[in-house]
1. Over the Cα atoms of the range 207-251, what is the Rg over Rh ratio if Rh follows Kirkwood?
2. Below 20 Å, Cα to Cα, which lysines can residue 235 reach? Residues fewer than 8 away in the same chain don't count.
3. Would you mind putting 26-36, 219-229 in packing order, based on average other-beta-carbon counts within 10 Å, highest first?
4. Within 10 Å of each residue's Cβ, count the other Cβ atoms and sort 213, 295, 175 from fewest upward.
5. Looking only at Cα atoms, what is the convex hull volume of the chain per residue, in Å³?
6. Please get the size of the charge dipole for the range 1-149, origin at its Cα centre, with Cβ charges of +1 on Lys and Arg and -1 on Asp and Glu, quoted in debye to the nearest 20.
7. What list do you get for 13, 193, 284 if you sort them by fewest beta carbons within 10 Å?
8. Based on alpha-carbon centroids, what's the gap between the range 72-138 and the range 219-244 in Å, whole number please?
Amino acid sequence: MKNEIKIFSPATVANVACGFDVLGFCLDTIGDEMVIRKTSKKGIYITKIKGFDLPYEAELNVAGVSALAMYDTLDIDFGFEIEIYKHIKPGSGIGSSAASAVGSVFGMNELLGKPFNKTQLTEFAIKGEAVASKCEHADNLAPAIFGGFTLVKSVSPLDILEIPTPMDLYTTIIHPQIEIKTSESRALLPKDVPLRDAITQWANFGSLIHALHMSDYELIKKSIRDVIIEPQRSKLIPKFDEVKSAAIKAGALGCSISGSGPSIFSLSKGLETANKVKDAMQSVYSKLGIEFDIHVSKINVDGIKIL
Ligand code: HSE
């Protein structure tokens, strides 16, 4: 059995407009790298962090907390070292903490000979994610582990459904270089939702799931709408409305906030349209003087992988 493994832990888009806290999809080219290594000393040790300033104490680090959640269930006489090469900026809205939380448990599971299934890995990772967002949810974690689109039907007990990914679906994601903490972005959400908004939201959500199953791009277009969360959170994102209308005008099927923001994602049919949408979205931000990254990605149907 191997003693060391290097993995790619992908970024993800959670919520997908109308699926707050339950729907997410996995990105192809954006993600962190991590090395997980067995060590003769018992316990979990974060030995290297590159890219961003994050805690080395396992109990305070997202990757460490999920690793400890798994480790505490094991009866073994060795431990694990974790190296984190962080490329996803914390607070970017594309599942930075989820990538860390998932990476450690995926790598440990591989080194242990895969005793845990994907749902169990997600369960351990939830403990790490909760450090960052102060709440247990799995809509970023599940797509990172399973790949494609996932629906978290229930967190307790954890029940994850894999939703088919239409072949020609691409995403364009713009990330203004400002930080929005998930915990803060959750704090401003309404505690109660008017029934008329709830009806609109579950109609859109149901039809989006149906559209993904049917690869019905027109129905995807009619369904990616969020009348509950986006109106609140978009106030935190500079020129959100302009970016969104530019994306739609350029041919995107839909556009909304990625996770808790500030990243904004759109979905398009085909790479050519996704690239046109990229030009349109970045033209809004170029005028603002706010630095940004922008990516076009196919939906990653494989999820986290060994490098
Ligand atoms: N569903 C979560 C939110 C994703 O929007 O707050 C971010 O962790």
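Throughout, read-outs are computed from the coordinates displayed, never taken from laboratory work. Here the structure is a predicted model, which is why all the values come from computation and not from measurement. Here the Cβ positions follow ideal geometry from the backbone for every residue, glycine too, while neighbour counts run over all protein chains shown.
1. Numbers: Rg = 12.6 Å, Rh = 11.9 Å.
A ratio of 1.06.
2. Straight-line reach from residue 235, under 20 Å: 181, 191, 244, 287.
3. Values: 26-36: 22.3, 219-229: 19.7.
Order by mean packing, descending: 26-36, 219-229.
4. On the way: 213 13, 295 19, 175 24.
So the ranking, lowest neighbour count to highest, is 213, 295, 175.
5. Details: hull volume 36.5 nm³, N = 307.
Hull volume normalised by residue count: 119 Å³.
6. On the way: 14 positive and 18 negative charges, 68 e Å.
Computed about the Cα centre, the dipole is about 320 debye.
7. Going from least to most buried by this count: 193, 284, 13.
8. That distance is 30 Å.
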